[in-house]
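Some notes on the structure that comes next.
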Amino acid sequence: MKKFFGIILLSLAFVITSQAQTTQTAQDWNKQGLDHFKKFEYKVAYECFTKAIEMKADYAEAYYNRGMTWFQLPSGTYTDKDGCADLKKAKELGFKLKKDDLSKNGCE
């Protein structure tokens, strides 16, 4: 009987954990990405920003953050992506870039 309840509790914990992961918002993913960026975990940060963008395609701040993160990654990490494109998309969506964000990254 104890094994049965143990299995039920374990299954319930798994379901709760799975639901918690699916209820994350784009803002949650962006914040998580910033946390990883601050720890120099750029690949994980990049993936978090990508998830934020997938959830909210017009999330200018996430595009900016992903673009800036892209420049921190080793060359060739994401050959199908471009940090300049993300920075320009952020600007297009109304994100206020710093004066030299584009030029210092060779995006002009």
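The values are calculated or read from the model by the stated rules, or taken from the named source; none is laboratory data. Just so you know, these numbers come straight off a predicted model, no measurement behind them. Using ideal geometry, Cβ is built from the backbone for each residue, glycine included, and neighbour counts are taken over all protein chains shown.
Some notes on this structure:
- Residues located in the stretch 88-108, provided they are farther than 30 Å from residue 23 by Cβ and assigned to a helix (DSSP H, G or I): 88, 91, 101, 102, 103, 104
- Residue 49, sole failed condition from (1) surrounded by fewer than 21 Cβ atoms within 10 Å (Cβ to Cβ); (2) modelled with pLDDT of 95 or more: (1)
- In the stretch 72-99, the residues that are farther than 22 Å from residue 38 by Cβ reach residues that are outside any loop (DSSP other than H, G, I, E, B) and modelled with pLDDT under 95 with C-beta atoms within less than 8 angstrom, at least six apart or across chains, in these pairs: 84/102; 88/102; 91/102.
- Test: residue 57 is farther than 23 Å from residue 103 by Cα, of a type in the set (A, V, I, L, M, F, W, C) and without any contact (Cβ under 8 Å) to a residue 12 or more places away in the chain: yes
- Test: residue in the stretch 60-80 that is in contact with a His (Cβ under 8 Å, 6 or more places away or on another chain), among the small types (Gly, Ala, Ser), surrounded by 13 or more Cβ atoms within 10 Å (Cβ to Cβ) and at pLDDT 95 or above: no
- Among the residues of the stretch 41-53, those that are touching a residue at least 24 places away in the same chain (Cβ under 8 Å) and more than 9 Å from the chain's Cα centre (by Cα) comprise 42, 43.
- Scanning the stretch 29-40 for residues that are free of Cβ contacts under 8 Å to residues at least 24 places away in the same chain and surrounded by 17 or more Cβ atoms within 10 Å (Cβ to Cβ) yields 32, 36.
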